[in-house]
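Student: Handing you this structure, nothing more for now.
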Amino acid sequence: MTNLPLLLLVFSTIGLVWTACQPAAHNPHIIINTELGPIEVEVYADKAPITANNFLRYVRENRLQGTRFYRTVTLEPDNQPDKTTKIEVIQGGFALNMVDTISNPLLLPPIAHETTQQTGLSHTDGTISMARDKPGSAQAEFFICIGDQPELDFGGKRNPDGAGFAAFGKVVGGMDIVRKIHQLPNTEQMLDPPLSILSIKIK
């Protein structure tokens, strides 16, 4: 007579072994193609699901085609003279100024602010994160850190509200391109001219 409990145990064990042998799910990678070359970014859908999936939706729906890197924040004396807490980033997206984002049909609704305290991430060299005004206002504008920028984390002093910014991925290839963009000519942080993003696609 068939020993049903033993068979169930055998099949259950086989299932657990098979599952353990399967490759772990990988975070998606995106390629930001610029006029200076490509930048590859790993998007942390596992650690920052709200922010990462918002950005991935923009990518999948081709909402970021034709946008630009338009801002560079450097340690040059005339670049951020009114800030006591200095940072180094480049910023991209739609906005050359706030007018560019008003009634733009490509913009999705703002997302909840996913802090680095929640995600366990930090604004280290190459981190990609969301630009924002008040918490919960981020939509499509993003920035990439040049060097470690702990003042952009939760509790940091760059933003007066102390909530920091929502990191959601990291550059894994093309950091040399990021640094080249960072050094482009600018007038009061605005790239002159802005650098076109030719495409953003999931790898």
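Student: Quick check on residue 195: is it of a type outside the set (Gly, Ala, Ser) and either modelled with pLDDT of 95 or more or part of a strand (DSSP E or B) (or both)?
Tutor: yes
Student: Additional query: Quick one: residue 162 ticks every box in (1) in contact (Cβ under 8 Å) with a residue 24 or more places away in the chain; (2) in a loop (DSSP other than H, G, I, E, B) bar one, so which box is it?
Tutor: All conditions are met except number (1).
Student: Among the numbered conditions (1) farther than 19 Å from residue 36 by Cβ; (2) not aromatic (Phe, Trp, Tyr); (3) not in a helix (DSSP H, G or I), tell me where residue 151 comes up short.
Tutor: Every condition holds for residue 151 apart from (3).
Student: Now, a different point. Just give me the residues in segment 29-46 being within 17 Å of residue 166 (Cβ to Cβ) and surrounded by 15 or more Cβ atoms within 10 Å (Cβ to Cβ), in sequence order.
Tutor: Within segment 29-46, 30, 41, 42, 43, 44, 45 meet the criteria.
Student: Starting from segment 103-117, keep only residues that are closer than 15 Å to residue 166 by Cβ, then list their pairs with residues that are among the charged types (D, E, K, R) and surrounded by 16 or more Cβ atoms within 10 Å (Cβ to Cβ) whose Cβ atoms are within a distance under 6 Å, requiring at least 6 positions of separation or different chains.
Tutor: Pairs found: 116/153.
Student: Conditions: (1) touching a residue at least 60 places away in the same chain (Cβ under 8 Å); (2) crowded, with 18+ Cβ neighbours inside 10 Å; (3) in contact with a Ser or Thr (Cβ under 9 Å, 6 or more places away or on another chain). Residue 128 meets all but one. Number of the miss?
Tutor: Just one mismatch for residue 128, condition (3).
Student: Moving on to the next point. Restricted to segment 56-89, and to residues that are farther than 20 Å from residue 105 by Cα and touching a helix residue (DSSP H, G or I) at 6+ places or on another chain (Cβ under 6 Å), which residue is modelled with the highest pLDDT?
Tutor: Top of the filtered list is 72.
Student: Then there's this: Read through the list (1) outside any loop (DSSP other than H, G, I, E, B); (2) aliphatic (A, V, I, L, M); (3) surrounded by fewer than 14 Cβ atoms within 10 Å (Cβ to Cβ), then give the number of the only condition that residue 112 fails.
Tutor: Here residue 112 clears every test but (1).
Student: Can you name every residue in segment 44-78 that is of a type outside the set (Val, Ile, Thr), closer than 19 Å to residue 92 by Cα and not in a loop (DSSP other than H, G, I, E, B)?
Tutor: Correct list: 52, 53, 54, 55, 56, 57, 58, 60, 68, 69, 70, 71.
Student: Scan 155, 173 and give me the residue that is modelled with pLDDT of 95 or more and at positive phi.
Tutor: Answer to the selection: 155.
Student: Which members of segment 135-147 meet the condition of being under 19 Å from residue 104 (Cβ atoms), part of a loop (DSSP other than H, G, I, E, B) and not aliphatic (A, V, I, L, M)?
Tutor: 136, 137, 139, 141
The values are calculated or read from the model by the stated rules, or taken from the named source; none is laboratory data. All figures in this text were calculated on a predicted structure; none of them were measured in a lab. No Cβ is skipped: glycine too gets one built from the backbone with ideal geometry, and neighbour counts run over all protein chains shown.
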